[in-house]
Each structure stands twice: as C-alpha cells, then as structure tokens.
1. Hey, which lysines would be in cross-link range of LYS32, C-alpha to C-alpha under 25 Å, not counting anything within fewer than 8 residues on its own chain?
2. Specify, per residue and in Å³, the volume enclosed by the convex hull of the alpha carbon atoms belonging to the chain.
3. Which value, in debye to the nearest 20, describes the size of the charge dipole of the chain about its Cα centre when Lys and Arg Cβ atoms bear +1, Asp and Glu Cβ atoms bear -1, and nothing else is charged?
4. Go ahead and estimate [θ] at 222 nm for the chain from helices alone: -39,500 (n - 2.57) per DSSP H run with n ≥ 4, summed, over the residue count, rounded to 500.
Amino acid sequence: MIKILRYTEYLYLAVAIISIYKIVTLWSINPKDTYIFIFFAVVSIAMFLFRRNYRKRFEKRKRENKE
C-alpha cells in the first residue's frame, strides 16, 4: 500500500508540471485560458505535499509500532 501512495504523490507532481507547461505556452496567446491550469498546478502541488507528509507520518507510525 505504501508503494501505491508513493506513486500517487508523483502523479500529482506530473499533473503540476504539465499544468505549468500549459500555463507558459498559453499565457501569450490568451491569459484567460490559463486560469484553470493555474488552479490545477496549485492544487496538484498542494496534494503532492499533503500526500508526502501523510505517507511519511504513516511510515513513522508503522516503524514505531514494530519496535
């Protein structure tokens, strides 16, 4: 289960990178179209940090229970 959580973290990071790429490429054409990608980038980065923090806390609790 922990490996799945680790992969989903990087899935959120990939979505953020793709969104940032779209922001950069579309900004000069039509800035209004980039607002949704800005939202996706911010939410994806926040979810990446939240999932990573949650996974580390889960691993720490699991390690402490084994000892």
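All of the numbers you see were taken from the coordinates with simple rules; none came from a lab. What you see is a predicted model, and the numbers here were worked out from it, not measured in a lab. Neighbour counts run over all protein chains shown; Cβ positions are idealised from the backbone, glycine included.
1. LYS22
2. Values: hull volume 3.8 nm³, N = 67.
Hull volume over Cα atoms, normalised by residue count, gives 56 Å³.
3. Here the chain has a charge dipole of around 480 debye.
4. My calculation for the chain gives -31000 deg cm²/dmol from helical runs alone.
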